[in-house]
Structures are given as C-alpha cells and as structure tokens.
Amino acid sequence: MEKTYKILKLLIWVLTFAVVRSMTRPLDKLTGTIRRIKEGQTQLRVEVERKDELGILSRNFNEMLDNLEAFRIKEREHIRLLDQAEYRALYKQ
C-alpha cells in the first residue's frame, strides 16, 4: 500500500509538472518575443501553435503588431505628404 501511494504521488507530480509546463512554455515564448520587440525587433511575431486561450492571445498580439505597423506606414506617408506640401508652399513664395 505504501509503495502504491508513492507511485501515485509521483504520477500526480509528473502530470502536474507536464500541465504547468505546457501552459508556461507558450507564455515564456510570448514574453520573450515581447521583450525582443521592445528592444527594437518590431518585425517579429509570436508563433501560434495552440487553439486555446494562449493561442488566441498570441494571434491577437500578432494582429495588434500588424495594425501598429500599418499605422506607422500611414503616418510616414502623411508626414511625407505634409513635407511636400510645405516645400511647395515655400517654393511658391
């Protein structure tokens, strides 16, 4: 009975570790990617391997980054057009 209890306890510990690790590994990847993006590697995206909440979070994070990049492109274009308009206005004077 004592031996069965120890084996069961070990099995529960192994299963618990596997479940926790399966949840923390994607979070580690996500936080690592966020850190690298913060450091300037804005072209990076999170690998989406799951279909659960962590997968949804990763996909939404990638979509947010894509939207920010599109916004930056539009902003650069607006600045370029404003610069051209200023140049033309100054040139006409």
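The values are calculated or read from the model by the stated rules, or taken from the named source; none is laboratory data. In this text, all values refer to a predicted model and were calculated from it rather than measured experimentally. Positions of Cβ are generated from backbone atoms using ideal geometry, with glycine treated the same way; all protein chains shown enter the neighbour counts. In case anyone asks, the SASA skips ligands and DNA or RNA and just uses the protein heavy atoms, side chains included. Shrake-Rupley method; radii C 1.70, N 1.55, O 1.52, S 1.80 Å.
Some points to look at:
- Whichever residue in region 10-54 is touching a residue at least 12 places away in the same chain (Cβ under 8 Å) and of a type in the set (Lys, Arg) and, among such residues, is nearest to residue 69 (Cα to Cα): 45
- Taken over region 1-33, the residue count meeting the criterion of being among the β-branched types (Val, Ile, Thr) and farther than 30 Å from residue 58 by Cα is 2.
- Test result for residue 71, aromatic (Phe, Trp, Tyr) and open to solvent by less than 50 Å² (accessible area, probe 1.4 Å): no
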